[in-house]
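Everything below concerns the one structure shown next.
The values are calculated or read from the model by the stated rules, or taken from the named source; none is laboratory data. Not measured: the values here are computed from a predicted model. Using ideal geometry, Cβ is built from the backbone for each residue, glycine included, and neighbour counts are taken over all protein chains shown. The protein model used for the area step is the full one, side chains on, heavy atoms only, and it has no ligands, DNA or RNA in it. Shrake-Rupley method; radii C 1.70, N 1.55, O 1.52, S 1.80 Å.
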Amino acid sequence: MNRDSNLIDEENVNPFAKGTGSKSRLSPLSSEPRVFGNRHDATVDIPLDTVNDPKKKEKEIANWEADLKKREQDVKRREDALTRAGVTIEEQNWPPFFPIIHHDIAKDIPVHAQKLQYLAFASWLGMVLCLVYNVVAVTVCWIRGGGVIIFLLANIYALLGIPLSYLLWYRPLYHAMRTDSALKFGLFFLVYLIHIGFCIVAAIAPPIVFRGKSLTGILAAIDTFSDHVLVGVFYLIGFGLFCLETLLSLWVLQKIYLYFRGHK
């Protein structure tokens, strides 16, 4: 009995057993090729001659270099066309730690006018210093009980004065020196006189707007000395800065006016 059952098991397992009654447990092999992933994935044929052919590689590199050179020539041709049309492409390079404007006196301004442009740039930086220090001094006065309104006014002076002074008089002068434009020179002279007037008012600080304490002038400094000596010292330093800025601005105005008259 055991022998007969063993024979039956061997016939069922043996794939080479003959006869129609024998059944194989092995599934028939599929004729379709097996690939990783989906059976319908596309296969990529990489010809070996393109990988191992150095001449073909050199040809591809040469074509790529030629295409790159052609694109560079197209860009240069467009830049030249814009330059001829009077449109200049300026790279933002100042200040160095966070470039937001284009400023390159050594490259853009003629050699004989560079000293004057540096002098005007020092005048603009002096204005920036005066307005920033004015905020600091007025903040000290506000902490000592001077009121929040003068603090807000000092911040408005700085937030408006710094960009407007650059856009309304320094930038026109920069373009005037660069292109020798009489219109730009005229705009500079007009706005720069207003700038000098503001510096004089700030150095005096008359009590016309909130007792003048929003500007660190001499009258405000005298007024604050009676209440807080420390605030008075801060205001005296601000008064000195506005005085220096006024004198520097008058000197710049004279130098540029003489340059404009002599150049024209």
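Here is a yes/no grid of residues against (1) closer than 23 Å to PRO163 by Cβ; (2) in contact with a Gly (Cβ under 9 Å, 6 or more places away or on another chain); (3) open to solvent by less than 40 Å² (accessible area, probe 1.4 Å); (4) polar (S, T, N, Q):
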site: HIS102; (1), (2), (3), (4): yes, no, yes, no
site: ALA106; (1), (2), (3), (4): no, no, no, no
site: ILE109; (1), (2), (3), (4): yes, no, yes, no
site: PHE121; (1), (2), (3), (4): yes, no, yes, no
site: CYS130; (1), (2), (3), (4): yes, yes, yes, no
site: ASN134; (1), (2), (3), (4): yes, yes, yes, yes
site: CYS141; (1), (2), (3), (4): no, yes, yes, no
Study note, to complete from the structure: Going through segment 182-198 in order, the residues found to be open to solvent by less than 90 Å² (accessible area, probe 1.4 Å) and touching a Leu at 6+ places or on another chain (Cβ under 9 Å) are LYS184, PHE185, LEU187, PHE188, PHE189, VAL191, TYR192, HIS195, ILE196
Review point. Within segment 202-225, is even one residue modelled with pLDDT under 95, open to solvent by 10 Å² or more (accessible area, probe 1.4 Å), closer than 30 Å to ARG144 by Cα and among the hydroxyl-bearing types (Ser, Thr, Tyr)?
Key: no
**Study point:** Enumeration of residues in segment 216-238 that are within 11 Å of VAL138 (Cβ to Cβ) and in a loop (DSSP other than H, G, I, E, B)
**Key:** THR216
Point to revise | Selection count, segment 62-72, where residues are polar (S, T, N, Q) and open to solvent by 100 Å² or more (accessible area, probe 1.4 Å) | key: 0
